[in-house]
Amino acid sequence: MNFLINAVLKGIKQLYNEDVTESVINIQDTRKEFEGQLTIVVFPIIKYSKKSPEATASDLGEYLVEHVEEVVSFNVVKGFLNLSIANHYWSDLFNNELLDPTFGTFKPNGKRVMVEYSSPNTNKPLHLGHVRNNLLGYAVAELLKANGYEVYKVNLVNDRGIHICKSMLAWQKWGNNETPESACLKGDHLVGKYYVIFDKEYKKEIESLKQEGQTEEAAKKNAPLIKEAQKMLVDWESGNKEVISLWEKMNSWVYAGFDVTYKNLGVDFDKYYYESNTYLLGKGTVEEGLEKGVFFKKEDGSVWIDLTEDGLDQKLVLRADGTSVYITQDLGTAQMKYDDFNMDQSLYVVGNEQDYHFKVLFLILEKLGKTWANGLRHLSYGMVDLPSGKMKSREGTVVDADDLIAEMVVTARQKTEALGKVNNFPEEEKENLYYQIGLGALKYFLLKVEPKKRLLFDPSESIDFQGNTGPFIQYTHARIKSLLSKANYTKQPTVNTMDLLITETDLIILLSKYPIEIEAAAKAYSPAMLSNYLYEVAKLFNKFYHEVPPIVKEEDNQQKQFRLNLSSVTAHVLKAGMSILGITVPERM
RNA sequence: GCAUCCAUAGCUCAGCUGGAUAGAGCAACGGUUUUCUAAACCGUAGGUCAUAGGUUCGAAUCCUAUUGGGUGUACCA
């Protein structure tokens, strides 16, 4: 496209004797209803031409046809100059760039980025909200990798605190030494079960205290169970052996359970951090802030920062008794992560209910003069809601991650079997295929929506397998693979003199945008952008596939080779792009 | 109250830094298989881009206000 921009710049210079910047040149795809492939919007140029849009477009059109070999003809519609570009330009572009094995890959850019995602609590199993987080985090990490970043995926596990003590206490009281083995339950589900039991019993206590005349607030504080849980937390912090060993045991159950879910989701981490190791961090940072005068101390000894000038509030960073709050830890953890990895950028994949927290966190670090603070980003995403409202673990109104995955695989099996195309596949391949398709549908469903938008999930309406879906793209890939193998395809460039169908040039143009899309999606931290692009590619390929006569039987060898090349590049783009989204594409289905 | 995000077809969503008559999928209706995979393709129908102003040659896109919804505004994490 650069040849065109330069030519237009030269044209403006020659026609109107004006030097203009590139930003004046606005090139876009020609709309389907007009002739041509590329369109120049001339409105920004009329300032310099001092002529009407139509006259300017004609001037430029004539100039380009005369001086630029690739431009064969033009037409003008209002202020739009539509250009027909020579076939050989597209053929050359295809042969030289798209067919190159390195097409769509980026060289290392020397930048490091950390992506923190998942960050589960160890008192309950993962649900649909976590699934969105995990898929998003993984995909963004892969997207950055594809752009040449050196990426570290980290998981900061919230493995301590009052919520875990609740599960522990309930297990102690009502668990009868139940284990995942004895209960035949995944460890995270077993621990989650006791979290729910705690809540039920706790509520009972609150009710009876209220009947005795206490207010709701007082009852919540005075219930024996919550007091016991609080005592357990104190015992944990003071290193009580019994409590610690119970904590270790139950956490290990949970981790075993999480590992299974992570494996099924296909996500992974380069490093785990645990809050039990980091919860005391940050006090040094508070000291530092006091010395620098960024923080101030109130009479009771609590430490604050005043952010009112930045449109925020006063924010506590250390309690009067010297203990930490959430943001204290995060200040310390941010410093530690930077010390560990020395990264240029750090992404926190966390739900949008923490927008305010991260705004404050980043602002504080900036005020503390941390040079790395401007590389911090909160990748905020919307909640996943059910038609009935918000998911709540304590009340059991959640879509469980493991259940959902299992359901998706079952649905994939049913749909695949109903089509009857895989009956002769080996059993193992079939199982793997159902898993690929089920997960592909789920992942694509969650990733195709812009992260910041909230997502409504209706469990009664199953996730689609047709149209703008993961399986559609997987199917397109499998179809191409089958075509290539039937044709005994080997890659080889073709001559550039043959005629191209409109759909073929369209496909070349769309495919050639793959690197640009990868770059734009990474810049926006948006797997959704990539998803939608891949869908466009698959759709256009299917149109092409239906339009041309059977390629395998094509007698013109150059024609046949070109169409196979085109199919092959399409398959390559689909596979590479889907892989960034964490979705595998089958060879056949 | 204040802050912040969202609002596009019946439903789920695209629409990049403002560009032509706002696009897909699902659902509905009709069609395509003696030819490479019909999880596909083609067509019909479906819109006051929440509302009202403003900026501009040009606004779904930018600005302001209003309405509706989400989230936050804890010495919880």
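The values are calculated or read from the model by the stated rules, or taken from the named source; none is laboratory data. Everything numeric in this text was worked out from a predicted model, so none of it was measured. Using ideal geometry, Cβ is built from the backbone for each residue, glycine included, and neighbour counts are taken over all protein chains shown. Just so you know, the surface numbers come from the protein's heavy atoms only, side chains and all, with ligands and any DNA or RNA stripped out. Shrake-Rupley method; radii C 1.70, N 1.55, O 1.52, S 1.80 Å.
Points worth noting:
- Helix A:557-580 and the longest principal axis of the C-alpha atoms of chain A enclose an angle of approximately 20°.
- Accessible surface for A:Asp458 stands near 50 Å², nearest 10, in the context of the full protein assembly shown (1.4 Å probe).
- Charge dipole (debye, nearest 20) of chain A; +1 at Cβ of Lys and Arg, -1 at Cβ of Asp and Glu: 520 debye
- Placing a pseudo-label 7 Å from each Cα along the Cα-to-Cβ vector at A:Lys13 and A:Glu429 gives an inter-label distance of 6.0 nm.
- Computed label-point distance, nm, for sites A:Val399 and A:Asn158 using a 7 Å Cα→Cβ extension: 2.1 nm
- Using only alpha-carbon positions in chain A, the gyration tensor eigenvalues give semi-axes of 54, 33, 19 Å once each is multiplied by 5 and square-rooted (largest first).
- Whole-percent carbon and sulfur share, accessible surface of chain A, 1.4 Å: 49 percent
- Relative to the dominant Cα principal axis of chain A, helix A:427-447 is inclined by about 90°.
- Reachable lysines, given that their alpha-carbon falls under 19 Å from the alpha-carbon of A:Lys13 and they are not under 8 places away in the same chain: A:Lys47, A:Lys50, A:Lys51
- Region A:152-227: GluC sites (Glu not before Pro) in DSSP coil with no more than 11 other Cβ atoms inside 10 Å: A:Glu212
- Residue ranking by accessible heavy-atom surface, 1.4 Å probe, largest first, among A:Trp304, A:Trp174 comes out as A:Trp174, A:Trp304.
- With all protein chains modelled, accessible area of A:Thr505 [1.4 Å, Å²]: 10 Å²
- Taking label positions 7 Å along the Cα-Cβ direction at both A:Glu207 and A:Glu299, the computed distance is 4.6 nm, reported to one decimal.
- For region A:69-193, convex hull volume per residue from C-alpha positions, Å³: 242 Å³
- The charge dipole of region A:2-85, taken about the Cα centre with unit charges on the Cβ atoms of Lys, Arg (+1) and Asp, Glu (-1), comes to about 300 debye, rounded to the nearest 20.
- Close amide H pairs (under 5 Å, H built 1.01 Å from N) link A:Tyr273 with A:Asn155, A:Leu156, A:Val157, residues at least 5 positions away or on another chain.
- Residue-by-residue Karplus 3J(HN,Hα) for region A:460-466, coefficients 6.51, -1.76, 1.60, Hz, glycine and proline x: 6, 9, 6, 5, 5, 10, 10
- Among the listed pairs A:Lys231/A:Lys263; A:Lys166/A:Lys263; A:Lys124/A:Lys315; A:Lys173/A:Lys231; A:Lys221/A:Lys283; A:Lys203/A:Lys283, those beyond 24 Å (Cα-Cα): A:Lys231/A:Lys263; A:Lys166/A:Lys263; A:Lys124/A:Lys315; A:Lys221/A:Lys283; A:Lys203/A:Lys283
- Backbone phi angles across region A:501-511, fed through the Karplus curve with coefficients 6.51, -1.76 and 1.60 (θ = phi - 60°), yield HN-Hα couplings of 6, 4, 5, 5, 5, 4, 5, 4, 4, 5, 4 Hz in residue order; Gly and Pro are listed as x.
- Estimated FRET transfer efficiency when R0 is 30 angstrom, pair A:Phe34-A:Gln558 (beta carbons, to 0.05): 0.55
- Between 0 and 90°, nearest 10: helix A:355-367 axis offset from chain A longest Cα axis: 90 degrees
- Under 16 Å from the Cα of A:Lys486 - lysines, other chains or at least 8 residues apart: A:Lys553, A:Lys560
- Mean separation of Cα pairs under 8 Å and 6 or more residues apart, divided by the residue count, gives chain A a relative contact order of 15 percent.
- Pairs from the table (A:Lys370/A:Lys390; A:Lys210/A:Lys392; A:Lys111/A:Lys443; A:Lys298/A:Lys453) lying more than 30 angstrom apart at Cα are A:Lys370/A:Lys390; A:Lys298/A:Lys453.
- Between A:Arg377 and A:Val325, the C-beta separation translates, for a Förster distance of 22 Å, into a calculated FRET efficiency of about 0.45.
- Solvent-free Debye scattering, log10 I(q)/I(0), computed from the Cα coordinates of region A:335-434 at q = 0.12, 0.20 Å⁻¹: -0.71, -0.98
- Cleavage-rule hits (GluC sites (Glu not before Pro)) in region A:399-474: DSSP loop, at most 10 neighbouring Cβ within 10 angstrom: A:Glu461
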